[in-house]
Structures are given as C-alpha cells and as structure tokens.
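A short worksheet on the structure shown next.
Just so it is clear, none of the values below were taken in a lab; they were calculated from the coordinates. The structure displayed is predicted, hence computed values, not measured ones. Backbone-built Cβ (ideal geometry, glycine too); neighbour counts: all protein chains shown.
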Amino acid sequence: MTLASLSNRGTDSALRERARQVIPGGLWGHLNAARLPQGYPQFFARGEGCRLWDVDGREFVDFMCSWGPIVLGHRHPVVEEAAARQAALGDCLNGPGPVLVELAELLVQMIPHAAWCQLAKNGTDATTGCVTIARAGTGRRKVLVARGAYHGAVPWCSPSVAGVTAEDRAHLIPYGFNDPASLDTALHQAGDDLAAVIVSAFRHDYGTTLEMPDPAFAQALRDACDATGAALILDDVRAGFRLDLGGSWEPLGVRPDLAAYSKAIGNGHALAAITGVERFRHPATQVFSTGSFWCTAVPMAAALATLRELRRIDGPAKMKAMGERLRAGFDRLAARQGLAILQSGPPAMPLLQFAGDAEARLGEAFCAEALRHGAYFHPRHNMFLCCAHEAADIDAALAAAEAGFAAVAKMA
C-alpha cells in the first residue's frame, strides 16, 4: 500500500474530527500522552528507521520514537523477520510458545540482579506487579514514591485525580528525588510498615528539567531498603535498554530487588517484564497476575531479536554518541542566536529548554518551527534517540533546529 493511498483515508484534521465523534475527547481521550502543541500531527502513515511520515505526507526525523518503544528503528528488519517467523507458527495460543523460556533466559543472563523474570504487556503492568510482589514478600503496605514521578496509569499511581479515591493511594508516602532529608522523613513516616521504595532510572517528570540520580542518593535508597527489609524497585520502563543493557543503575553500582521494563524491550511490539532477586521468587508465585494476551508469542520473538541486536551493536553506546552530537549541535546553534538553553537528561533521552521559559512558550515555538522543517522534537517530555539515528540524520535535524532557534530569537 502506498503512502498516497494511506493518506487518502483522511487527512490529519479530518481524522481528528472523526475521532471526536466516537472517542471521548477525540484522540486525546484515547492517548493522553498525545497532548501536543498546535500543528503537531496525530495520525501517521508509516515509519522507517528514524523517519516518520504523517497522513498528510510530511516526513520527519523522529525524536520521540513512539514515546520510547522504538529503540532500533521503525520496522527494523531483524525484529520484523523474527516476528513474522513466529506469526507464521502462531501468536495467541492456549499457552506460550517456547520463545517465552528463551526470552526469560536471556533477560536473566543480561541483567545482573535478575534471578528470574515474569512477562506482561504494559509498563503499568510491570510497576504494579513489582509493588504487589514487594507487599507479598514483606507482608507490609507502605510504598515510598518520588514526588511528581510517573509510574503508570492505574489508580495507585495515576497522575489523574478523576475517578481515583484517597483509599487508592492510602499507603503511598512521597519523598524528593535526590533529597536525602525527605527520604529520612518518609522512612520515619513508614515505620515498620515499609514494603518498598520505587524510583525512576532518572527524574523525568513531565515539563521539568531532567535530573540524573546522585550516586550517593541511589546508595542511600539501597541502604535504607537493606536496613528495613523493604524492596528497592527500579522503574526502568522508560529508560531500560537505552542507557545500559544490564539496567539503568548498573553504572552507579546500585542494584534493585525488583525492576520493571517495557517500552524498548520489543522495538514497538507490546511487552513488559519484571525482574527480581532470589528473595522475591516465592512471593512472585503467590501474586495473581495475568492478562488475555500475556502469552502472545510474536512480541516475545520480537523482544528476543531486539535484545540480541542491541547487544550485538552495543545499542546504548550508539544512542549516546548520536545524542551527544545532537546536544553539541543545539549548543552551537543556540549560541549563534544568543539564546540561553538548558539541556538535561542522558544524551539518549534528552530535553531541551530555554532559560526563563517556565511555560515552555519558547520551547513550543522552537519545536513548531523545527517540525515545519522536518524534525519531530518535544518541548516538555524527554525525547528518545534510537539506533537508527546516524550522523546524517542528526545533521538534518540540526538544520531544522536552526530554523527553530531563529524563530525563538525573533521572539526574544
């Protein structure tokens, strides 16, 4: 099917209007993360490598990578071939295929803390499973959660208040990311009822400057859990397999008791994983968790191929190098326009902000102009690089960014 024939099914604006008739809130009601500034496409015709084409035929260098799942590139041939081979045998059967065991073995082999793993579908499945297993293993209720952190879209951790009761969150205690004093306060509040501390790989709260974990603070979390018998849960749903194939905190020398993965695990095929230390193996067997499509074999085959390919090419190193090229280019172009910018987060998952731009008005203008010139950035959410980004793609995106910086300079 050609791009033209896909586009003929409806332009982006027409599809939005049709969606509003049958989906509460239109597409925004279906996918809340899609809230974007004016001019951003919502409907896409196809993807290839690090490029996207919307239904109106516009081409973009993609720096959101489907909000994280695309880690090797859209329609990566090795992954799609593995998925197609499994699909020819069967996908949703009465139970899993042999690939379940192969994938579990690979995850346990790759991730140093992992003595076992369980598979699911979404990141929320994985974080919720980790919390439930921690409570089952400790017989306790309280969970420490970093203030403002996102760990999923169910009542116990949802950022929404609509439809959520106080009882849903009765046993959550907030602490500040990289804030030892707040951690001490939260630990005191939990007392002898502390089941777990959950923490993101780095602070990636929406609309705020990204913050890498202080190694001393990461160790303080580990020490607190060791002292209390609580589980340290690493939410690696967003960063997992992009920063380090063994887990995002491996470079810090701090290992969790339980970890949640999704997004990049299958290069766009729906899958999630929980990994854990031996201590929580038996509690994991006591927790009831399942889903109608948790045994589907195609995503597992895709994940097996994705992880092997990431290891073969050292994907994290490649994404870091291209992220550093992008970051250096942003610095150079902003300086040329006399603009003060702030770049935060790991190079593979960056955020660009403008000094004094609390409402991201300048950020939106920058992204809108870059979009018109063929680069898909985001003004508030961390962006994502993938292994398909090459130097020429980064340079093409920087050419688009140059137009964005020029637009912002006119507003200053």
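Observations
- Whichever lysines have a C-alpha closer than 29 Å to that of K318, once near sequence neighbours (fewer than 8 apart) are set aside: K121, K263
- Rounded to the nearest 20 debye, dipole of the chain from Cβ charges on Lys, Arg, Asp, Glu: 500
- Computed over the stretch 292-387, the range of Cα coordinates on each principal axis works out to 52, 31, 23 Å, biggest value leading.
- Ellipticity estimate at 222 nm from DSSP helix runs (n ≥ 4, -39,500 (n - 2.57)) divided over the chain, nearest 500: -12500 deg cm²/dmol
- Environment charge of D257, counting only residues whose C-beta is closer than 14 Å and scoring Lys/Arg +1, Asp/Glu -1: +1
- Listed residue (N122, L243, L93) projecting farthest to the positive dipole end of the chain, Cβ model: L93
- Most tightly packed first, judged by the mean number of other beta-carbon atoms within 10 Å of their residues, the peptides 234-243, 386-395 read 234-243, 386-395.
- Packing rank of 305-315, 191-201, where each peptide gets the mean count of other beta carbons within 10 Å, highest leading: 191-201, 305-315
- Listed peptides 85-95, 265-275, 214-224 appear in the order 265-275, 214-224, 85-95 once ranked by packing, highest mean of other Cβ atoms within 10 Å at the front.
- Angle of helix 215-228 to the longest C-alpha principal axis of the chain, folded into 0 to 90 degrees and rounded to 10: 30°.
- C-alpha long axis of helix 315-336 to longest principal axis of the chain, angle in °: 50
- Per-pair calculated FRET efficiency, R0 = 30 Å: V101 and Q219 via Cβ, rounded to 0.05: 0.30
- Selection from H76, L107, A136, by position along the positive dipole direction of the chain (Cβ): H76
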